[in-house]
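Note sheet for the following structure.
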Amino acid sequence: MGNKRVLVTGGAGFIGSHLCKRLLAEGQHVVCLDNYFTGSESNISSLLSNPCFELVRHDVTVPYYFEVDEIYNLACPASPVHYQYDSIHTIKTSVLGMINALDLACHLRAKVLQASTSEVYGDPLVHPQREDYWGNVNPIGIRSCYDEGKRCAETLCFDYFRRHDVDVKVIRIFNTYGPNMHSKDGRVVSNFIVQALKGEDITIYGDGRQTRSFCYVDDLVAGMISMMQTEKGFIGPVNLGNPGEFTILDLAEKVIGLTRSVSKIVFKTLPLDDPKQRQPNISRATRRLGWVPEICLAEGLERTIDYFKKVLV
Ligand code: NAD
Ligand code: UDP
């Protein structure tokens with residue numbers, strides 16, 4: 001397992017920083033590439049003194065070259081607020097970023113794992129979502145820059161496998177949370193925890209009856225590394241997420257309870273195309289990777305609250 005050279009694009013982001021840390025702990029040499037659009041050096045500052053860690057500031061839309069055995073392609077803003085900020089650059093990041101990762105992998109005969117998303121299912125009409133569901137995605141809406149960019153990236157993975165025999169892996173990540181989320185990230189778990197700790201109103205968009213399934217980041221990272229180790233030709237896609245399904249209202253109440261907050265819940269306009277329900281079917285991940293998430297929502301929230309208590313002081 002040890003002594004591989006591994007590139008993590010988006011390595012200074014929330015999930016990327018946990019992945020870099022875990023790979024280093026396993027004895028790999030890690031090259032972390034990021035343009036710091038939503039990531040930050042503070043996420044990986046504890047890794048900088050490790051001689052097996054290299055940090056590169058670069059944008060994945062521009063070709064790059066590093067001699068590596070494996071590429072985890074995570075570079076892409078993941079919060080709706082940030083991926084809609086410069087929607088055209090978001091598409092370029094997914095599509096050109098994927099082409100650049102795949103061209104490098106093709107040249108080096110390296111493996112590539114693409115961090116795809118449950119958003120490829122759009123506002124799903126099949127529930128829970130299995131990998132053979134093709135999704136219900138609006139191609140021209142405000143979320144499309146992310147959803148369609150990620151769908152195109154998946155297509156590229158399968159075509160590079162078929163045409164160039166590149167060893168590709170596709171995982172579809174469902175809502176993941178934990179320490180190192182940016183306090184102004186805009187996603188629901190970090191928003192609610194920060195609001196609760198500051199005693200500010202908890203902002204529920206819509207009536208709060210929409211559902212999501214929340215996976216703690218350590219569980220996700222274990223699944224990602226297992227997927228990279230599967231045999232050549234097993235591409236997936238594989239759903240990685242925690243099947244526990246909660247309404248956004250449930251989440252708000254849990255966060256208020258765990259933080260013993262005085263915050264009040266307020267209701268705001270639901271953003272366009274916001275999916276009504278989301279829950280992964282993880283039977284493929286369990287069968288092929290032996291993977292099941294171990295950390296329940298209450299436990300994961302406690303750990304994330306502890307993190308935000310430290311960074312908000
Ligand atoms: P994040 O925003 O914290 O991390 C993304 C990282 O990519 C950041 O460090 C950012 O600076 C970097 N980045 C963005 N555009 C770049 C570019 N053009 N060039 C180089 N670096 C760039 O988000 P995250 O939650 O850690 O997500 C990581 C990956 O996982 C993303 O690809 C995201 O789409 C995918 N994903 C995440 C979730 C989730 O719930 N967290 C769910 C589904 C998919
Ligand atoms: N949401 C909310 N309040 C917030 C942030 C998000 O009610 O402050 C809702 C959002 O409308 C969506 C759900 O929580 O229904 C999850 O949103 P997030 O942006 O975390 O992820 P995604 O919509 O991409 O699953």
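The values are calculated or read from the model by the stated rules, or taken from the named source; none is laboratory data. All of these numbers come straight from a predicted model, not from anything done at the bench. Reconstructed Cβ throughout: ideal geometry from the backbone, glycine too, with neighbour counts over all protein chains shown. These area figures cover heavy atoms from the full protein model, side chains too; ligands, DNA and RNA do not enter into them. Shrake-Rupley method; radii C 1.70, N 1.55, O 1.52, S 1.80 Å.
Summed over the range 263-291, residues that are open to solvent by 80 Å² or more (accessible area, probe 1.4 Å) and part of a strand (DSSP E or B) total 2. Being within 16 Å of ligand 2 (Cβ to nearest atom) and either more than 16 Å from Ala153 (Cβ to Cβ) or at pLDDT below 95 (or both): is that true of Val56 here? Answer is no for this residue. Considered as a group, the residues in the range 153-186 that are buried (at least 19 other Cβ atoms within 10 Å of the Cβ) and charged (D, E, K, R) include one that is nearest to Lys232 (Cα to Cα), and that residue is Asp167.
Listed here are the residues, each with its yes/no results for (1) among the aromatic types (Phe, Trp, Tyr); (2) within 20 Å of the chain's Cα centre (by Cα).
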site	(1), (2)
Cys215	no, yes
Met224	no, yes
Phe246	yes, yes
Asp250	no, no
Pro275	no, yes
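Within the range 68-80, one or more residues are touching a residue at least 24 places away in the same chain (Cβ under 8 Å), more than 21 Å from Ile173 (Cβ to Cβ) and either away from ligand 2 (no atom under 16 Å from the Cβ) or surrounded by fewer than 24 Cβ atoms within 10 Å (Cβ to Cβ) (or both). Restricting the range 196-212 to residues that are touching a helix residue (DSSP H, G or I) at 6+ places or on another chain (Cβ under 9 Å) and farther than 29 Å from Pro128 by Cβ, the residue that is most open to solvent (accessible area, probe 1.4 Å) is Lys198. Restrict the check to the range 245-262 and report whether at least one residue is out of contact with any Asp or Glu (no Cβ under 8 Å at 6 or more places or on another chain), open to solvent by 50 Å² or more (accessible area, probe 1.4 Å), basic (Lys, Arg) and farther than 21 Å from Tyr205 by Cβ. Yes, because at least one residue in the range 245-262 is out of contact with any Asp or Glu (no Cβ under 8 Å at 6 or more places or on another chain), open to solvent by 50 Å² or more (accessible area, probe 1.4 Å), basic (Lys, Arg) and farther than 21 Å from Tyr205 by Cβ.
Candidates are the residues of the range 81-132 that are surrounded by fewer than 20 Cβ atoms within 10 Å (Cβ to Cβ) and polar (S, T, N, Q); the one that is farthest from ligand 2 (Cβ to nearest atom) is Ser87. Check the range 287-300 and report whether any residue there is within 16 Å of ligand 1 (Cβ to nearest atom), within 28 Å of Thr155 (Cβ to Cβ), in contact (Cβ under 8 Å) with a residue 40 or more places away in the chain and of a type in the set (Lys, Arg). No: zero hits. Of the helices (runs of 4 or more DSSP H) lying entirely inside the range 1-109, those containing at least 3 residues that are in contact with a Gly (Cβ under 9 Å, 6 or more places away or on another chain) and within 27 Å of Tyr177 (Cβ to Cβ) span 14-25, 80-83, 87-108. For Ala115, are the conditions met, namely being under 22 Å from Met228 (Cα atoms), at pLDDT 95 or above and part of a strand (DSSP E or B)? Yes. Annotation note: Cβ proximity below 6 Å between a residue of the range 98-116 that is within 13 Å of ligand 1 (Cβ to nearest atom) and a residue that is of a type in the set (Lys, Arg) (sequence gap 6+ or interchain) occurs for Leu113/Lys169; Ser116/Lys150; Ser116/Arg172.
For the range 22-67, filtered to residues that are open to solvent by 20 Å² or more (accessible area, probe 1.4 Å) and of a type in the set (Val, Ile, Thr), the residue that is nearest to ligand 1 (Cβ to nearest atom) is Thr38.
Selection within the range 231-243: residues that are surrounded by 16 or more Cβ atoms within 10 Å (Cβ to Cβ) and in a loop (DSSP other than H, G, I, E, B). The member of this set that is nearest to the chain's Cα centre (by Cα) is Gly241.
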